[in-house]
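Enquirer: After the structure tokens below, expect a handful of questions from me.
The values are calculated or read from the model by the stated rules, or taken from the named source; none is laboratory data. Keep in mind that what you see is a predicted model, and the values were worked out from it rather than measured. Note that we place each Cβ from the backbone using ideal geometry, even for glycine, and neighbour counts take in every protein chain shown.
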Amino acid sequence: MTENVLTRVENGLGRITLNRPEALHALNLPMCSAILSALKAWAGDDQVHMVVIDHAEGTRGFCAGGDIRMLAESGQGDASEARAFFAEEYRMNAAIAAFPKPYLAIMDGVTMGGGVGLSVHGSHRIATEHTTFAMPETGIGLFPDVGGGWFLPRLHGELGTWLALTGARLKGADVAAAGVATRFLPSELLPNLSSKLKQADFSVGAAELLNVIIGGFTHATPKGSFEDHRGTIDKCFAFDTAEEIVAALEGDGGEWAAAQAQTIRSKSPETVKVALRQLREGGALEDFEDNMRMEYRIGWRKVQSADFIEGVRAVIIDKDNKPNWSPATLEEVSDEYVDRFFAPLGEDELAFS
């Protein structure tokens, strides 16, 4: 167990509270292990009727991601620590996706990377005005993992492709409008929601009762601010090569589209192409665990890639925000180059039992 995440059962509720405020509750290996262990125990426990995950009261963020520094340092060595983290985190993601009871994530604050994996695969997900969602991995040479290959291509139209390639941020009600959260709730009402959850009897019809309780606090989600650009998103991001997507954006003639193209060109070309293939392949899969096996293959190799090490240096360590990507352009990244990230791992494939 770890003090960075608190797990307990209260009145039939399995409670998970992230408690690593100095890192905006970013995940480490012991945290993933503790959450996975709790979910496995609660899945078959008749005394646990649903799960609620949130962060420690009075702290910032929901979960800002994973331990990126550790991943980069491990990647510069034999990568064994990074791969162990990915394996446990991805098993945790799969346990959330397969959890047989309601799973409510209170995404009140920064929800990025690993925090997305903790929330988006659950049945019920609440965003507040404090929620900031993003999958910014193309900017550090990683990739939108934790099930990004599964949930991003299943958002409306090409929203997921836009979010993955550009690292665009969604805030507040936009997180629900995009389908990342299932409801939007002003944070001032969270204490009332918590009180209702503690008082309710979820022993029968837990999902239905939870819907009624949440519905009593929330209203219809307003139109997302990104809707003004939906036509451009769905048209330009529908292509299966990054070059075609950028060309469509640059040929659109609009200022917003041009800005998206410029953003994509500033990201790791290698990662942009890996992420696009990840989404296209993940969107065609029928089994979530197969998606996580694919992502583990990518992560196994990506953590040792020159672009990831350079991205962490530029964005997190030196903070000069001037990464020197190699290859330097999308056009230099061949299909064969991308193929190697998706190749089977043989006896090192991710196992879930």
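Enquirer: Test THR263 against the stated conditions and say whether it is among the polar types (S, T, N, Q), modelled with pLDDT of 95 or more and under 24 Å from LEU155 (Cα atoms).
Expert: Considered against the rule, which asks whether it is among the polar types (S, T, N, Q), modelled with pLDDT of 95 or more and under 24 Å from LEU155 (Cα atoms), THR263 comes out as yes.
Enquirer: Here is a further query. Which residue pairs have Cβ atoms under 6 Å apart, sit 6 or more places apart or on different chains, and have a first residue in the range 19-33 that is surrounded by fewer than 22 Cβ atoms within 10 Å (Cβ to Cβ) and a second that is aromatic (Phe, Trp, Tyr)?
Expert: Partner pairs satisfying both residue conditions: LEU29/PHE85.
Enquirer: Can you name the helices (runs of 4 or more DSSP H) wholly within the range 166-236 that have at least 1 residues being free of Cβ contacts under 8 Å to residues at least 40 places away in the same chain and out of contact with any Leu (no Cβ under 9 Å at 6 or more places or on another chain)?
Expert: Answer list for the range 166-236: 190-199, 206-215, 230-236.
Enquirer: Considering only the range 99-142, how many residues are on the phi < 0 side of the Ramachandran plot, in a loop (DSSP other than H, G, I, E, B) and either among the hydroxyl-bearing types (Ser, Thr, Tyr) or buried (at least 24 other Cβ atoms within 10 Å of the Cβ) (or both)?
Expert: Number of matching residues: 7.
Enquirer: Taking the stated definitions as given, is ALA43 within 23 Å of PHE202 (Cβ to Cβ) and either of a type in the set (A, V, I, L, M) or under 19 Å from the mean Cα position of the chain (by Cα) (or both)?
Expert: For ALA43, the condition - within 23 Å of PHE202 (Cβ to Cβ) and either of a type in the set (A, V, I, L, M) or under 19 Å from the mean Cα position of the chain (by Cα) (or both) - is met.
Enquirer: Hey, can you tell me all the residues within the range 327-353 that are surrounded by 10 or more Cβ atoms within 10 Å (Cβ to Cβ) and free of Cβ contacts under 8 Å to residues at least 24 places away in the same chain?
Expert: Of everything in the range 327-353, those that are surrounded by 10 or more Cβ atoms within 10 Å (Cβ to Cβ) and free of Cβ contacts under 8 Å to residues at least 24 places away in the same chain turn out to be SER334, ASP339, ALA351.
Enquirer: At pLDDT below 95 and either surrounded by 16 or more Cβ atoms within 10 Å (Cβ to Cβ) or of a type in the set (A, V, I, L, M, F, W, C) (or both): is that true of MET1 in this structure?
Expert: So MET1 fits the description; yes.
Enquirer: For the range 237-279, enumerate the residues that are assigned to a loop (DSSP other than H, G, I, E, B) and either among the aromatic types (Phe, Trp, Tyr) or more than 21 Å from ILE298 (Cβ to Cβ) (or both).
Expert: Correct list: PHE237, ALA238, PHE239, GLY253, GLY254.
Enquirer: Does ALA164 satisfy the condition of being buried (at least 21 other Cβ atoms within 10 Å of the Cβ), closer than 18 Å to GLY282 by Cβ and not polar (S, T, N, Q)?
Expert: Against the criterion (buried (at least 21 other Cβ atoms within 10 Å of the Cβ), closer than 18 Å to GLY282 by Cβ and not polar (S, T, N, Q)), ALA164 qualifies.
Enquirer: OK, next. VAL333: within 28 Å of ARG91 (Cα to Cα) and either touching a Leu at 6+ places or on another chain (Cβ under 8 Å) or modelled with pLDDT of 95 or more (or both), yes or no?
Expert: When the stated conditions are applied, VAL333 does not pass them.
Enquirer: So if I check each of LYS171, LYS235, LYS198, which one is within 25 Å of LEU118 (Cα to Cα), of a type in the set (Lys, Arg) and surrounded by 14 or more Cβ atoms within 10 Å (Cβ to Cβ)?
Expert: LYS171
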